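Read the structure below first, then the notes.
The values are calculated or read from the model by the stated rules, or taken from the named source; none is laboratory data. Only a predicted model underlies this, so the values are computations on that prediction, with no experimental measurement involved. Neighbour counts are summed over all protein chains in view; Cβ atoms, including those assigned to glycine, are modelled from backbone coordinates with ideal geometry.
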Amino acid sequence: MDGIERFLREDIGQGDITTEALIGERGGKASIVARESCAIAGLEEAEAVFHALGLRTAARVDDGDSVPAGTEVLHIEGDLRSILTGERVALNFLMRMSGIATATRKVLTVCRERNPAIIVAATRKTTPGFRRYEKKAVMLGGGDPHRYRLDDAILIKDNHLAVVGSISEAVTRARKYSFTKKVEVEVVSMEGAKEAAAAGADIVLLDNMSPGDAAECAAAIKAIDSRIIVEASGGITMENAPLYAVGVDVISLGWLTHSSRAVDLSLDIKEMEERS
């Protein structure tokens, strides 16, 4: 898998000197266990880590499954030194990705109690070099990845508008540049929301508005063109997300990928071959 061997090389360096100093050639078995309830993500990557080291694995659950504390999620078998060498990289994938998936699922669940059609999305606030895995974790938690890269869609933000001068002119230029890409405009006021809708934006992003203001702007946008998608972002937390969910189509949350707490998983050695 692309990137896995690079991550292993980064961690191993010239060799796992602790394991090499302490442990001879012997086989073993190990399990990775969830120490808390969570949505599992990163099993595919964890297995790829161990496979790159010549080990055999068997997933006990599927990526995206919600599991209770104490669940064995992955079984590993083979050379004991290789198991220990791959332990941290595999756990880093699982703990980080499961944390993102768990947070996404929690916020999606509470929001859909208020609006069954709401979409919970990530942003580009990701870890350099790890974006594909963080976005994948969001999807495994039931969310939408939003843009992966700058070439996915046109998103006109405040600094673009500061240079161009107006929302209408920015949308006009964007439409001339590409007819195949969605055009989204970030706005901070009712006036901006109406201008973006009238100018022909496909998506209007309401930035740092209160839930009430966001709902009012969304209604005004839909009155101009009901096909426009209304997205809210900025200052949205696990606690207030349901208030936003009532009035808009999409909630985007940067903290899903930059601040989600890692889930507690651990690797336990279960069996060891006797030395010959």
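A few comments on the model shown:
- Test: residue 180 is touching a residue at least 12 places away in the same chain (Cβ under 8 Å), in a loop (DSSP other than H, G, I, E, B), within 28 Å of the chain's Cα centre (by Cα) and outside the structural domain of residue 67 (by TED's automatic domain parsing): no
- Checking each residue in the range 19-62 for being loosely packed, with under 13 Cβ neighbours inside 10 Å and without any contact (Cβ under 8 Å) to a residue 12 or more places away in the chain picks out 21, 22.
- Residue within the range 70-84 that is under 17 Å from the mean Cα position of the chain (by Cα) and not in a helix (DSSP H, G or I) present: no
- Test: residue in the range 26-34 that is at pLDDT 95 or above, basic (Lys, Arg) and under 25 Å from the mean Cα position of the chain (by Cα): no
- Matching residues, the range 190-202, being within 18 Å of residue 252 (Cα to Cα) and surrounded by fewer than 20 Cβ atoms within 10 Å (Cβ to Cβ): 202
- None of 3, 64 is closer than 23 Å to residue 106 by Cβ and under 20 Å from the mean Cα position of the chain (by Cα) except 64.
Residue-wise test of (1) at pLDDT below 95; (2) on the phi > 0 side of the Ramachandran plot; (3) in contact with a helix residue (DSSP H, G or I) (Cβ under 6 Å, 6 or more places away or on another chain); (4) part of a helix (DSSP H, G or I).
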site: 117; (1), (2), (3), (4): no, no, no, no
site: 134; (1), (2), (3), (4): no, no, yes, yes
site: 146; (1), (2), (3), (4): no, yes, no, no
site: 162; (1), (2), (3), (4): no, no, no, yes
site: 184; (1), (2), (3), (4): no, no, no, no
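- Any hit, the range 36-52, residues being touching a Pro at 6+ places or on another chain (Cβ under 8 Å) and within 30 Å of residue 215 (Cα to Cα): no
- Identity of the residue in the range 74-106, of a type in the set (Lys, Arg) and farther than 28 Å from residue 237 by Cβ, that ends up surrounded by the most Cβ atoms within 10 Å (Cβ to Cβ): 81
- The residues of the range 113-122 that are surrounded by fewer than 24 Cβ atoms within 10 Å (Cβ to Cβ) and in contact with a Gly (Cβ under 9 Å, 6 or more places away or on another chain), listed by number, are 115, 119, 121.
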